[in-house]
Structure formats: structure tokens, C-alpha cells
1. How big is the dipole moment of segment B:114-214 about its Cα centre under a simple scheme where the beta carbon of each Lys and Arg is +1, that of each Asp and Glu is -1, and everything else is neutral? Debye, nearest 20, please.
2. Compare B:Leu185, B:Leu46, B:Leu148 in a GNM of chain B, Cα atoms joined below 10 Å, and give the one with the largest fluctuation.
3. Can you tell me the dipole magnitude for segment B:1-148 around its Cα centre, using point charges on the Cβ only (Lys, Arg +1; Asp, Glu -1), in Debye to the nearest 20?
4. If one takes the longest principal axis of the Cα atoms in chain A, at what angle in degrees, from 0 to 90 and to the nearest 10, does the Cα axis of helix A:41-51 lie?
5. Cut-off under 19 Å on the C-alpha distance; same-chain residues fewer than 8 positions from B:Lys4 excluded. Which lysines are left, in chain and number order?
6. For chain A, max minus min Cα coordinate along each principal axis, in Å, sorted largest first?
7. Run down the aspartates and glutamates and flag those whose C-alpha is under 12 Å from the C-alpha of B:Lys212, throwing out any fewer than 8 positions away in its chain.
8. Please state the equivalent ellipsoid semi-axes for segment B:39-190: what are the square roots of 5 times the Cα gyration tensor eigenvalues, largest first, in whole Å?
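What follows draws every value from the coordinates through simple rules; no lab data is involved. All values reported here derive from a predicted model rather than from experimental measurement. Cβ: placed from backbone, ideal geometry, glycine included. Neighbour counts: every protein chain shown.
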Amino acid sequence: MHEASIAQSVLDIAGENCKKAGYSRIDSIRLRIGRASGVMTEALLFAFDAIKIDTIAAGATVIIDEIPVGGICGNCGKDFITKEAYVLCCPECGGLSFKVNAGRELEILDMEVS
Amino acid sequence: MKVKVVTRILEANERIAADNRRIFDDSGVYVINLMSAPGAGKTSLLERTIKELNKKLKVAVIEGDIAGTQDAERIGNLGVPVIQINTGGACHLDANMINEVLGELPLKEIELLFIENVGNLVCPAEFNVGEDMKMMLLSITEGDDKPLKYPLMFQESSALILNKIDLLQYTNVSIDKIKKDAMSLSPSIKIFEISCKTGEGISEWTDWLVKKVK
């Protein structure tokens with residue numbers, strides 16, 4: 001999708017937060033990325049490595065927590081988690097009235113600075 | 001030293017889309033991002049819709065194509081404001097392309113703006129442009145396997161129009177399968193069956209549209 005633009009936003013947000021906390025170097029950044037967010041993590045890591053050069057994140061590694069798609073079924077009432085990016089029916093009972101409530105995350109959780 | 005951040009990553013496109021949305025809201029314009037494969041009948045749908053609305057709503061159109069001005073000419077013939085964007089190769093419209101042409105539209109005089117995206121079942125669904133609603137047009141001759149093969153576009157759409165139903169008898173397509181799969185991807189999706197050629201189903205769609213916008 002648009003991983004280069006996302007990598008740039010990660011760098012901007014992390015840089016701002018690092019400076020605000022009074023530090024000058026970012027050592028690592030932890031992201032939460034949902035399986036259904038449309039982001040290819042490998043492309044994101046590749047883009048981040050390319051743009052971090054000569055910034056305060058030059059030595060930073062990006063750690064990605066992948067969040068599986070999950071939801072709750074209105075038919076059987078169970079919470080479910082699936083490996084698929086798209087849910088077509090409840091994996092527990094096959095019901096069609098379900099709500100997806102996880103898997104589209106795209107956020108910076110925390111980072112190590114020094 | 002660990003620093004908690006917990007911030008959503010909004011990439012550049014999302015930020016500009018939010019700016020566009022503010023501009024549309026300030027002017028009271030309802031915006032529909034219309035997506036489909038090439039040849040599904042997006043421009044024909046707009047022609048039919050604009051004629052049927054016939055002054056019930058003040059409509060304008062932004063046409064997105066890789067090249068050419070045929071679509072804008074067709075819409076311009078109906079006497080509504082239209083802007084043609086040529087992406088010069090890009091397979092979708094993005095928020096910045098829309099932002100750049102907003103100044104050319106009389107937004108204060110418009111109630112409904114259609115953004116006709118580039119014909120493509122993949123990329124347009126990934127880029128918000130600041131719309132109130134994404135909707136999709138699928139011509140039934142494309143086949144009933146499309147929802148499951150291109151899930152994101154169906155998942156993102158609040159309305160699905162099935163076009164060319166006058167050709168149903170010449171195909172082995174199951175409308176029920178399309179509906180069932182689309183609804184499992186987007187449970188609240190509103191589905192219309194129409195023919196831009198014969199006019200069947202057009203008024204049901206425009207009645208719904210007028211209620212949505214007003």
C-alpha cells in the first residue's frame with residue numbers, strides 16, 4: 001500500500017516524542033499493526049531503513065507486534081480470533097452477524113530513547 | 001529509557017483527507033467516492049443519476065482517469081460543474097489530487113459531489129479522499145466471484161450498485177451469491193440492482209440517495 005508514507009509518519013511522530021522527552025537518540029520503536037490494516041510489514045521495515053539515515057533514528061530498530069483479526073459473534077456470542085485478514089463468517093459457528101473489533105490497528109506503542 | 005507514545009499513525013494521505021473533509025463539511029457538501037472496475041458503467045450511472053435527480057439536488061462531479069477527457073465531456077453536457085483529473089498513470093485518486101482541484105468547484109452552491117475514481121478494483125479502496133461515503137459499482141457481467149476476490153473494496157463500501165442486470169439472462173451469474181458475499185464483508189451494505197441502459201432500478205437508488213444527502 002503506502003508503506004513509505006507510513007514510515008515517514010512513524011519517523012516524524014517518534015522524533016517529536018523523543019525530543020519532547022528531552023532525549024537525542026531513538027534506539028527502538030514498537031508498532032502495533034493489525035493484519036487487516038493493509039500494511040505489508042516487510043515493505044514498511046524496508047522503507048524505514050531507507051529514510052532513517054542521518055536522523056535521530058539512524059540506529060533505531062523497528063519492532064512490530066502483529067495484531068490478528070478478531071471480533072465477537074452476535075449469533076453464538078463467542079469472541080474469536082482468526083489468522084485471516086478478512087472475516088466472512090464467525091469461525092466458531094459460521095454465523096454472519098459478527099462485529100470485527102481488532103485487526104485494523106496502526107499505531108506507535110512505545111520506544112526506547114537515550 | 002522507555003517512552004510511551006500510543007499514537008495512531010496517520011500517513012500523509014489521511015491528513016490531507018481530513019483537511020478535505022473539513023472543507024466539504026464547512027460548505028455542506030455530501031461527498032461520494034465512486035469506485036468500480038473499468039467499464040462497469042460509472043459515468044453512465046452518473047449520467048442517469050444526474051438526470052433522475054433533476055434539480056432535487058445540486059450535483060457536481062470530479063472525474064478521475066489515467067488519461068483523456070471523455071468522461072468530463074459527457075458529464076459537462078448535462079450542465080453540472082465537472083472537473084477532470086488525469087492521474088497520468090496513477091491507478092487511483094488520492095487526497096492531495098482532490099485537494100488541488102477543490103478551489104475550482106463552487107462548493108457553496110453544491111449539495112452532492114461525486115468523485116468518480118479511476119477504474120480499478122484494488123487501489124482506490126486504500127486511499128481516503130475525504131468522502132462521506134465510499135460506494136461501489138459492479139456490473140454483473142464481471143462475475144459473482146468478485147466480492148471474495150477483491151474483499152477490501154466491498155468491505156469499505158456502504159453501498160453497492162449492481163449494473164447491467166438487463167444482461168443477467170445471458171450469463172450464469174448468481175445475484176444472490178454476490179449479495180451474500182458482499183453482505184458478509186460489509187454487513188450494513190445497501191445493495192441496488194439497476195440497468196443504466198434500460199433505466200430499471202434507477203429511481204430506487206436516487207430516492208435512497210436523496211434521503212441520505214438531505
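1. On the way: 12 positive and 15 negative charges, 31 e Å.
Dipole magnitude for segment B:114-214 comes out near 140 debye.
2. In this elastic network of chain B, the residue with the biggest mean-square fluctuation among B:Leu185, B:Leu46, B:Leu148 is B:Leu148.
3. On the way: 16 positive and 23 negative charges, 93 e Å.
The dipole magnitude comes to about 440 debye.
4. 10
5. Partners found: A:Lys19, A:Lys20.
6. Here the spans come out as 53, 26, 15 Å, largest first.
7. B:Glu111, B:Asp132
8. Values: eigenvalues 142, 62, 45 Å².
Computed over segment B:39-190, the values are 27, 18, 15 Å.
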